[in-house]
Amino acid sequence: MTEKIICAGFGGQGIVTMGRMLAYAAMLEGRNVTCIPKYGAEMRGGTAHCMVIISDNLISSPLVILPDTAIIMNVASLAKFKNIVKKGGRLFLNTSLVQKEIERKDIKVIEIPATEIAVKLGQVKIANMVILGAYLKQKKMFSKESVFTALEKVLNKAELLLLNKEAIQRGIEYVKG
């Protein structure tokens with residue numbers, strides 16, 4: 001099993017953190033991983049995306065050309081990545097910031113108002129964890145416990161752990177299995 005993922009949005013949305021979380025959770029479950037972040041020149045507010053590959057086999061190249069999954073947090077990222085998701089793949093869409101209809105009928109689109117849910121939880125910056133929860137529920141790549149352990153390793157601030165765990169849980173609860 002190999003899963004190729006692109007997480008994309010603008011700087012400050014936690015795109016790289018989301019990619020690191022996916023990679024770390026997969027490593028905790030004994031899988032091979034690669035994780036390559038890419039920032040726009042502006043960093044915060046500019047474009048950002050992260051390519052993650054999770055595999056039970058050796059990974060020959062860390063580049064994601066034809067992703068199985070795209071996690072899209074803003075309109076610019078949708079324009080850039082919607083057409084490269086492979087046929088039969090999944091597109092996770094933050095509908096709080098992207099209200100565009102997806103013309104492609106050969107992929108599954110999972111719509112989640114991640115930013116809206118994050119704001120209701122009191123912190124817009126955890127929208128990435130909301131959509132990560134939706135991914136976790138839909139793809140069933142690894143356990144919630146592995147994701148929570150990864151969260152503890154990736155985040156440096158203990159006071160943010162409970163809120164981020166709650167955001168992941170809300171994302172899990174929002175989508176259908």
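Residues in segment 1-20 that are more than 18 Å from VAL85 (Cβ to Cβ) and of a type in the set (S, T, N, Q) were compared, and the one that is surrounded by the fewest Cβ atoms within 10 Å (Cβ to Cβ) is THR17. Count of segment 52-95 residues, restricted to those that are farther than 19 Å from GLY171 by Cβ, among the β-branched types (Val, Ile, Thr) and surrounded by fewer than 19 Cβ atoms within 10 Å (Cβ to Cβ), is 4. Does LEU91 satisfy the criteria of being without any contact (Cβ under 8 Å) to a residue 24 or more places away in the chain and under 13 Å from the mean Cα position of the chain (by Cα)? Against the criterion (without any contact (Cβ under 8 Å) to a residue 24 or more places away in the chain and under 13 Å from the mean Cα position of the chain (by Cα)), LEU91 qualifies.
Scan segment 111-140 residue by residue and report those that are part of a helix (DSSP H, G or I), touching a helix residue (DSSP H, G or I) at 6+ places or on another chain (Cβ under 7 Å) and free of Cβ contacts under 8 Å to residues at least 60 places away in the same chain. Hits for segment 111-140 are ALA114, THR115, ILE117, ALA118, VAL124, VAL130, GLY133, ALA134, LEU136, LYS137. Test LYS140 against the stated conditions and say whether it is exposed (fewer than 15 other Cβ atoms within 10 Å of the Cβ), closer than 26 Å to ILE84 by Cα and under 15 Å from the mean Cα position of the chain (by Cα). Judged against the criteria, LYS140 is a match.
Just to be sure, is SER77 of a type in the set (Ser, Thr, Tyr) and more than 13 Å from the chain's Cα centre (by Cα)? The answer is no for SER77.
Rule-based calculations on the coordinates, nothing more; no lab input. In this text, all values refer to a predicted model and were calculated from it rather than measured experimentally. With ideal geometry, Cβ positions are generated from the backbone for all residues, glycine too; neighbour counts draw on all protein chains shown.
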